[in-house]
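A.B. asks: I'd like to ask you about the structure that follows.
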């Protein structure tokens, strides 16, 4: 989606890729720098090859090369934070401030790790309602993010658990669009977090794309 200034418009996205202009030192920002070979600097009016990138998210800034070199360490930090958040759900005394702190940390780590990906993900805030059909029934959920390869969906608690390999059909209408998208795919991963507020999320890899009015 493009705004009136001709710049891409993103919903709820905190992560930003940055590089420094080799000619004037200006910071060039774009979500798509990993998918571009060259970039234009508005300050000095020069085109140049995409150079060393930085990933910025919610106050964190990491050199993308270092992020890739230490990817397992960052992934371990995320797993530990998710485990702490799950344990907090079952604690005798629930601390909402600690839960909020962990939620912010988890969101930041996820966004930083997204910076290690080669393809852009669109995050939607607030999430968009999506219908998820599969053999044996239909369930509703929220579209959390999407890319050219697939989507992440947070299913409602009453929806029967989906497993890796299950085939699904999705129907979703994106903001500012009158087109109903019908997406066919297969569940690539499924994760469920129990507790006071259970969360069941799935990743769906696309088979194809069909637009319907």
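Read-outs: derived from the displayed coordinates by stated rules, not from any lab. Every value quoted in this text rests on a predicted model; they were computed, and no experiment measured them. Neighbour counts run over all protein chains shown; Cβ positions are idealised from the backbone, glycine included.
A.B. asks: One quarter of the convex hull surface, Cα atoms only: what value does that give for region 27-128 in nm²?
C.D. replies: Numbers: hull surface 33.9 nm².
It is 8.5 nm².
A.B. asks: Once you order the gyration tensor axes a ≥ b ≥ c over the Cα atoms, which shape class does region 18-68 get: rounded for a/c under 1.5, otherwise prolate or oblate by comparing a/b with b/c? Kindly include the intermediate steps, with their values, before the conclusion.
C.D. replies: Working: a/c = 2.07, a/b = 1.63, b/c = 1.27.
Prolate, since a/c reaches 1.5 and a/b exceeds b/c.
A.B. asks: Let me ask something else. For region 110-160, compute the orientation-averaged projected area of the C-alpha convex hull (one quarter of its surface), in nm². It would help to have the intermediate numbers written out before the result.
C.D. replies: Numbers: hull surface 17.4 nm².
Reported value for the Cα convex hull: 4.3 nm².
A.B. asks: Convex hull volume of the Cα atoms in region 122-212, per residue, in Å³? The partial results should precede the final answer.
C.D. replies: Working: hull volume 8.5 nm³, N = 91.
Each residue corresponds to 93 Å³ of Cα convex hull volume.
A.B. asks: Nearest 10 degrees, 0 to 90: what angle lies between the long axis of helix 96-114 and the longest principal axis of the chain (Cα atoms)?
C.D. replies: 60 degrees
A.B. asks: Another question about this same structure. Given a Förster distance of 25 angstrom, what is the FRET efficiency for residue 164 paired with residue 91, based on the Cβ-Cβ distance and rounded to 0.05? Present the calculation step by step, with values, prior to reporting the outcome.
C.D. replies: Numbers: r = 30 Å, r/R0 = 1.21.
Computed FRET efficiency for residue 164 and residue 91: 0.25.
A.B. asks: In which sequence would 148, 153 go, from the one with the fewest C-beta neighbours within 10 Å to the one with the most? All intermediate terms of the calculation are to be shown ahead of the outcome.
C.D. replies: Details: 148 11, 153 28.
Ordered from fewest to most neighbouring Cβ atoms within 10 Å, 148, 153 come out as 148, 153.
A.B. asks: Can you tell me, using C-alpha contacts under 8 Å and at least 6 residues apart, the relative contact order of the chain as a whole percent? Before the final figure, lay out each step's value.
C.D. replies: Working: 389 pairs, mean separation 31.0, N = 213.
The normalised contact order for the chain reaches 15 percent.
A.B. asks: Here's another thing I want to ask about it. Evaluate the relative contact order of region 122-212 (contact order divided by residue number), counting alpha-carbon pairs under 8 angstrom at least 6 apart; express in whole percent. Walk me through the intermediate numbers first.
C.D. replies: Details: 216 pairs, mean separation 24.1, N = 91.
Relative contact order comes out at 26 percent.
A.B. asks: While we're on this one: Find the relative contact order for region 20-85 and round it to a whole percent, using C-alpha pairs within less than 8 Å whose residues are 6+ positions apart.
C.D. replies: Values: 50 pairs, mean separation 12.1, N = 66.
18 percent.
A.B. asks: Measuring from centroid to centroid over Cα atoms, what is the spacing of region 51-105 and region 125-187 in Å?
C.D. replies: Each part reduced to its Cα centre gives a spacing of 26 Å.
A.B. asks: How far is helix 71-89 tilted off the main Cα axis of the chain, in degrees rounded to 10, range 0 to 90?
C.D. replies: 40 degrees
A.B. asks: Let me have the 222 nm mean residue ellipticity of the chain computed from DSSP H runs of 4+ only, each contributing -39500 (n - 2.57), with the sum over all residues rounded to the nearest 500. It would help to have the intermediate numbers written out before the result.
C.D. replies: On the way: 3 runs with 44 residues, N = 213.
After summing the helix terms and dividing by residue count, I get -6500 deg cm²/dmol.
A.B. asks: Hey, fewest Cβ within 10 Å first, where do 61, 56 land in order? Write out the running numbers ahead of the final one.
C.D. replies: Numbers: 61 11, 56 18.
In order of increasing Cβ crowding within 10 Å: 61, 56.
A.B. asks: Cut-off is 10 Å between beta-carbons; in what order do 202, 28 appear when sorted fewest neighbours first?
C.D. replies: On the way: 202 27, 28 19.
Lowest to highest Cβ neighbour count: 28, 202.
A.B. asks: Also: Eigenvalues of the Cα gyration tensor times 5, then square-rooted: what semi-axes does that give for the chain, in whole angstrom, largest first? Write down the numbers at each step before the final one.
C.D. replies: Working: eigenvalues 207, 122, 44 Å².
Working from the Cα gyration tensor, I get semi-axes of 32, 25, 15 Å.
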